[in-house]
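For reference, the structure discussed in these notes is given below.
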Amino acid sequence: MENKKNKVKQVAALRYSPDKNSAPEIIGLGKGEIAQKILEKAKENHIPIYENEDLATTLNTFNIGDEVPPELYEVVAGILAFIGAIDKKYGDRK
């Protein structure tokens, strides 16, 4: 069994603007210390964080600016539902 303490943290930041993109776009990627800094900035700015280690690892194989590929739509749809629920709970804070 792999020790989770030795795993390098990975993150991916997504943006979805249905009027501009056909799929969510990767706007940030990071591993290790950079991943930690991205998470800290997200928390400071009250950006919802959805944890899915496998998805973060997969998305880190792509590039910033890439759209999420169709084979990941189902997983990403779950994230969009999560964020939609948060928006509904706390209201639109633009």
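The values are calculated or read from the model by the stated rules, or taken from the named source; none is laboratory data. Small disclaimer: the values here were computed from a predicted structure and weren't measured. Neighbour counts run over all protein chains shown; Cβ positions are idealised from the backbone, glycine included.
Is it the case that ALA23 is modelled with pLDDT under 95, surrounded by 15 or more Cβ atoms within 10 Å (Cβ to Cβ), not acidic (Asp, Glu) and not in a strand (DSSP E or B)? Break it down into steps so the answer makes sense when it comes.
Details: modelled with pLDDT under 95: yes; surrounded by 15 or more Cβ atoms within 10 Å (Cβ to Cβ): yes; not acidic (Asp, Glu): yes; not in a strand (DSSP E or B): yes.
Spelling it out, ALA23 is indeed modelled with pLDDT under 95, surrounded by 15 or more Cβ atoms within 10 Å (Cβ to Cβ), not acidic (Asp, Glu) and not in a strand (DSSP E or B).
Pick from the stretch 53-66 the residues that are farther than 17 Å from ILE27 by Cβ and either in contact (Cβ under 8 Å) with a residue 12 or more places away in the chain or touching a His at 6+ places or on another chain (Cβ under 9 Å) (or both): which of them is surrounded by the fewest Cβ atoms within 10 Å (Cβ to Cβ)?
Taking the stretch 53-66 and keeping what is farther than 17 Å from ILE27 by Cβ, we get 53-54, 57.
Among the residues that remain, those that are also either in contact (Cβ under 8 Å) with a residue 12 or more places away in the chain or touching a His at 6+ places or on another chain (Cβ under 9 Å) (or both) are: 53, 57.
On the way: GLU53: 12, THR57: 14.
Selected residue: GLU53.
Sub-6 Å Cβ pairs linking a first residue in the stretch 67-83 that is under 14 Å from ALA12 (Cα atoms) to a second residue that is not in a helix (DSSP H, G or I), at least 6 apart or interchain, are GLU67/ALA23; GLU67/GLU25; VAL68/ALA23; VAL68/PRO24; VAL76/PRO24; VAL76/VAL68; ILE79/TYR50, ordered by first then second residue.
Scanning the stretch 37-94 for residues that are assigned to a loop (DSSP other than H, G, I, E, B) and of a type in the set (Val, Ile, Thr) turns up ILE47, ILE49, THR61, ILE64, VAL68.
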